[in-house]
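A short worksheet on the structure shown next.
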Amino acid sequence: MDFATTHPHDDDKMHEECGVVGLWNHPDAAAVSALGLHALQHRGQESTGMVTHDGSRFHSHRGMGLVGDNYGDERVIRGLAGTRAIGHNRYATTGDTVLRNVQPLYADFEFGGLAVAHNGNLTNATALRRALVRRGCLFQSTTDSEVFIHLIAISLYTTVVDRLIDALKQVIGAYALIALTENALIGVRDPLGVRPLILGRVAHADGSESWVLTSETCALDIIGAEFVRDIEPGEIVVIDDSGVRSIKPFTRNAARFCVFEYIYFARPDSIVEGMPVYDARKRIGAELARESAVSADVIVPVPDSGVPSAMGFAAESGIPFELGIIRNHYVGRTFIEPTDSIRHLGVKLKHSANRSVLAGKRVILVDDSIVRGTTSRKIVEMVRAAGAAEVHMRISSPPTTHSCFYGIDTPERGKLLAARHSVEEMAALIGADSLAFISRDGLYRALGHVGRDDAKPQYCDACFTGDYPIPLPDMVDGDGRQLSLLTETN
Ligand code: AMP
């Protein structure tokens, strides 16, 4: 996705904030995968695709827009014949919203067909792409999935799994990858487990079983699958008619799961790495209330992202929780719109002030994050216009000071409000009477640790700390110097 400092846009590099579903041995593989993709719609709204296999042939559908717009037409589902499927929802950034980038990607090899879909971001994709182009590989898209396809194509190993391992040893990044061959469904999680991938199972009345690989448990719930386990960091699972086989080709490192999945990205009804996201958000809100209490009459969430943490804040502070801002559900996420002007407009379309709750009141607004500051500024203005006496903003994440290079959409660092301003300056810029973010240690405490530095596991929190756990080779310039935005500390 679009989070980058100077180069990714310039290099036409892809940043993928996505959701994936893979299904093995299900009589309604396409329809059931479409349901799973529907549950993962929050992970990507710009395009969706699916590849199925019917025992002898592959079938595919790739389209722009939402899951419902694509698979609502039963002819599409009928065309996706077979008992095995992989599907993908994708969010893309400006300029890259084209059909050729819609995943899964598919290619024919001497060993047969292979479809690949992934969530995340390779940090050496630009370097690998250049090397592959020099060797004669013709790229059809700008998605990192195609890097995997070419690396698999040129590998000297024989089996698909050996070729995949060969490819994985060359890529650097944060990814959850699913692949479908004629004989197997394959899932891979990056060596630090930054992006999520889980295994589920459906037990059928006739004693047969289906296997599911997907990004979040909410996709299992909708299709009636039970959660089996998280795929381990660096693990490859190969699912075929003989069951599930696990391969661990990497040396083991301490996991660094993305903390932003808890804060914003995952759906609140998902259980992530054993912890319900909803509970995590409420606990973060309670910790935020302990850290940055202020006298007020009412706690108001910025819907929907601020709701669970505002509930936690209200319960801890004893101040009543009210819906002072109403969200229009028929508008997509504002952040998802690619240009600044539309994003501004989107905030107005999406939220309206509930005057009866706000007029004359001292209001604490709770949201999950401030990125560019667009949302907070508009919301504070709206709440004041509705007659609020005071507006205090509380944010359930630490200040977003650094861009993500691992699969969450954040803009280049220069556009991050917290990269350029102190908290006091930010309060003035968004027009709030006060502004506070949860501390780094407070966030870790809320997630069950003593503090950040001795947490086991530690999360990937690079967006809040600048501590990037996976190398960023693409961020090195032609002379081997690291690009300046990364060497600054904040
Ligand atoms: P901004 O308006 O740029 O400050 O963005 C902050 C708002 O965007 C908050 O209300 C968040 O809930 C939401 N947000 C934060 N990160 C993301 C993301 N990666 N994708 C979509 N929305 C986000």
Could you pull out every one of the strands (runs of 3 or more DSSP E) wholly within the stretch 310-376 that has 1 or more residues that are modelled with pLDDT of 80 or more, under 24 Å from Cys463 (Cα atoms) and within 15 Å of the ligand (Cβ to nearest atom)? 362-367
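Check Val277, Val300, Val244, Val294 and return the single one that is closer than 29 Å to Lys169 by Cα and of a type in the set (A, V, I, L, M).
Val244
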Restricting attention to the stretch 43-81, which residues are closer than 24 Å to Val202 by Cα, of a type outside the set (S, T, N, Q) and crowded, with 20+ Cβ neighbours inside 10 Å? Arg43, Gly49, Met50, Val51, His53, Phe58, Val67, Tyr71, Ile77, Leu80
Give the residue that is nearest to the ligand (Cβ to nearest atom), with candidates limited to residues of the stretch 399-428 that are touching a residue at least 12 places away in the same chain (Cβ under 8 Å) and among the polar types (S, T, N, Q). Thr410
Reported set for the stretch 383-398 where residues are more than 11 Å from the ligand (Cβ to nearest atom) and not hydrophobic (A, V, I, L, M, F, W, C) is Arg384, Gly387, Glu390, His392, Arg394, Pro398
Looking at the stretch 190-231 only, could you name the residues that are basic (Lys, Arg) and out of contact with any Leu (no Cβ under 7 Å at 6 or more places or on another chain)? Arg195, Arg201
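Anything in the stretch 254-268 that is hydrophobic (A, V, I, L, M, F, W, C) and away from the ligand (no atom under 14 Å from the Cβ)? List them, or say none.
Ala254, Ala255, Phe257
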Taking the condition hydroxyl-bearing (Ser, Thr, Tyr) and within 15 Å of the ligand (Cβ to nearest atom), does Ser305 pass? yes
Going through Ile247, Ile284, Ile271 one at a time, which residue ends up being within 16 Å of the ligand (Cβ to nearest atom) and either in the same structural domain as Leu435 (by TED's automatic domain parsing) or surrounded by fewer than 21 Cβ atoms within 10 Å (Cβ to Cβ) (or both)? Ile284
Looking only at the stretch 80-107, count how many residues are modelled with pLDDT under 95, more than 16 Å from the ligand (Cβ to nearest atom) and of a type in the set (D, E, K, R). 1
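The values are calculated or read from the model by the stated rules, or taken from the named source; none is laboratory data. Predicted model only: the values in this text are computed from it and were never measured. So basically every Cβ, Gly included, is an ideal-geometry build from the backbone, and we count neighbours across all protein chains shown.
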